[in-house]
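The numbers here are math on the coordinates, done by the rules we state, and not lab data. On a predicted model such as this, the values are computed, not experimentally measured, just so you know. Cβ sites come from the backbone with ideal geometry, for glycine too, and all protein chains shown count toward neighbours.
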Amino acid sequence: MKKVVKKNAPAIDSTELITAMEDLEKENGIPKDYLLESIETALVTAYKRNFDSAENVKVTMDKETGEIHVYAEKDVVDIVENPQLQINLEDARKINKKLEVGDKAEVEIVPKNFGRIAAQTAKQVIVQKIREVSRNVLFNEFNERKGEIVSGIVQKADGGVVVLDLGKLEGIMPVKEQVPTEKYRVNDKIRAYILDVERGIKGAPQVIVSRTSADFVKKLFELEIPEIYEGVIEIKSVSRDPGSRSKIAVYSPNENIDPVGSCVGQKGIRIQNIINELHGEKIDVIEWNEDPSIFISAALLPAQVMAVDIKEDEKFAQVIVPDDQLSLAIGKSGQNARLAAKLTNWKIDIKSESQFREIMMQAQNEQEAENEENQE
């Protein structure tokens, strides 16, 4: 099937458009061919919308000169039933004598005022593509910053979602990522942890931030404690009850370094900076130990532990504490025990010395009774 183009119309000059596209390719990395293809597709839509045309239209733009050409593609037939889509053989052969029935002829047309429409459409496409590229650049930039702490100015704080101005983008802090004891006010400058970056409305990147994440505490320690940042001290785990208390387990392979002392700092000055950032949240810094008994005992601080009986297979620990330490070990509403269990990743059952003795006594009595029955 032959396809012949009849060139019978002047082109629309768009050399400035080509120059603009070349600049965009250099400065923004938007491929010129991609822009041309997008503009040509948009121009077809613009033509059909503005000229109410049912024709098979093709629009091309010369990549060197920017000249825009509009073609009506028509089937070559013996008898024309639809002039918009068909052309008879006699007229077709006026374009090219080699055309036969069944071929397609592309007849160039110059719609009135299409130059203005074309320029406007091309501008819209370019603006749209610049926005898309800018959004992609911002998305990639912030996506690479996931797990970092950012500073922002509170733009919206009405009891629901808090919106932060992060400079290039807005940060969204959902209610569940807000510390219940904190109050956020418009124009306050706060720090938050980048949880995720999502595609929002029309593809705009949306940064999800948090102040409740345990990783927020971990990152604050990395920023405030040089030894952690340098890798001399490792953070093994963090558990947190946002706004109330956190526990953090630290370790150093260098036996000459005191990981807990390094984190707390002289007179507590280092950790105080973190506590201030968390608006007074209590922080227990604990030395990690590969021996679960020692680690679990430390995790239950400030309570003193008498003994720890562990079951490795079940990751279960039975902890015995002095009678006067039971409430301290469990903590208000079970907070201390809960945070210790999360920090160590062990199930922990705490008993006072008296409770343990009663249990042992009861077990002993039951055993004695069983023995007596067996003897009878």
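Could you pull out the GluC sites (Glu not before Pro) across the stretch 232-340 that fall in loop regions by DSSP (anything but H, G, I, E, B) with no more than 15 other Cβ atoms inside 10 Å?
Values: sites: Glu234, Glu255, Glu277, Glu281, Glu287, Glu290, Glu312, Glu314; in loops: Glu255, Glu281, Glu290.
In loop regions of the stretch 232-340 (DSSP not H, G, I, E or B), the sparsely surrounded GluC sites (Glu not before Pro) are Glu255, Glu290.
Give me the net charge of Ser293's neighbourhood, meaning all other residues with Cβ under 12 Å from the Cβ of Ser293; Lys, Arg count +1, Asp, Glu -1. Don't jump to the answer; show the numbers that get you there.
Details: positive: Lys311; negative: Glu290, Asp291, Asp309, Glu312.
Here the charged neighbours net out to -3.
Within a Cβ distance under 9 Å of Ile274, other residues only, what is the Lys/Arg minus Asp/Glu net charge? Mind showing how you got there, number by number?
Working: positive: Arg270; negative: Glu224, Glu277, Glu281.
For residues surrounding Ile274, the net value is -2.
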- line: Only helices counted: for the chain, with every DSSP H run of 4 or more residues adding -39500 (n - 2.57) and the sum spread over all residues, [θ] at 222 nm is -12000 deg cm²/dmol
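Counting other Cβ atoms within 10 Å, which trypsin sites (Lys or Arg not before Pro) in the stretch 54-163 have at most 10 and lie in a DSSP loop? Please list the in-between numbers first.
Details: sites: Lys58, Lys63, Lys74, Arg93, Lys94, Lys97, Lys98, Lys104, Lys112, Arg116, Lys123, Lys129, Arg131, Arg135, Arg145, Lys146, Lys156; in loops: Lys63, Lys97, Lys98, Lys112, Arg145, Lys146.
Sites meeting the loop and neighbour criteria: Lys97, Lys98, Lys112.
Please express the shape of the chain as an equivalent ellipsoid: the semi-axes are the square roots of 5 times the eigenvalues of the C-alpha gyration tensor, given largest first in whole angstrom.
Values: eigenvalues 1151, 142, 63 Å².
Equivalent ellipsoid of the chain: 76, 27, 18 Å, largest first.
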task: Out of all DSSP beta bridges with both ends in the chain, state the antiparallel percent to the nearest 5.
output: 65
task: Go through the stretch 97-111 residue by residue and turn each phi into a ³J(HN,Hα) via Karplus (6.51, -1.76, 1.60, θ = phi - 60°); whole Hz please, and just put x for glycine and proline.
output: 5, 7, 5, 10, 4, x, 6, 10, 10, 9, 9, 6, 10, 10, x
query: How much length, in nm to one decimal, is gained on full extension between Ala204 and Leu301, taken as 0.36 nm per residue of separation minus their Cα-Cα distance?
result: 30.3 nm
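Can you give the % of DSSP beta bridges in the stretch 3-141 that are antiparallel, to the nearest 5? Mind showing how you got there, number by number?
Details: 13 of 20 bridges.
Counting DSSP beta bridges with both partners in the stretch 3-141, the antiparallel share is about 65 percent.
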Sequence-distant residues sharing a close amide H with Lys236 (under 5 Å, placed H): Ala249, Val250, Tyr251
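Loop-only trypsin sites (Lys or Arg not before Pro) in the stretch 248-308, please: DSSP not H, G, I, E or B, and at most 10 other Cβ atoms within 10 Å. Numbers along the way, then the final one.
Values: sites: Lys267, Arg270, Lys282; in loops: none.
Passing both the DSSP loop test and the Cβ count: no residue.
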message: Taking the 0 to 90 degree range and rounding to the nearest ten, how far is the long axis of helix 335-344 tilted relative to the main principal axis of the chain, both from C-alpha atoms?
response: 70
- request: Let me have the relative contact order for the chain, percent, based on Cα pairs under 8 Å that are six or more residues apart.
  value: 9
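Efficiency by 1/(1 + (r/R0)^6): what FRET value for Gln128 and Glu182, r their Cβ-Cβ distance, R0 = 41 Å, to the nearest 0.05? Mind dumping the intermediate values first?
On the way: r = 40 Å, r/R0 = 0.97.
Efficiency computed from Cβ-Cβ geometry: 0.55.
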field: Segment Arg145-Glu67, length gained on full extension (0.36 nm per residue, minus Cα span)
entry: 23.7 nm
Rounded, prolate or oblate (a/c below 1.5 giving rounded, otherwise prolate when a/b exceeds b/c) for the stretch 301-352 by Cα gyration tensor: oblate
- line: Taking R0 as 25 Å and r as the Cβ-Cβ distance between Glu353 and Lys311, the FRET efficiency 1/(1 + (r/R0)^6), rounded to the nearest 0.05, comes to 0.75
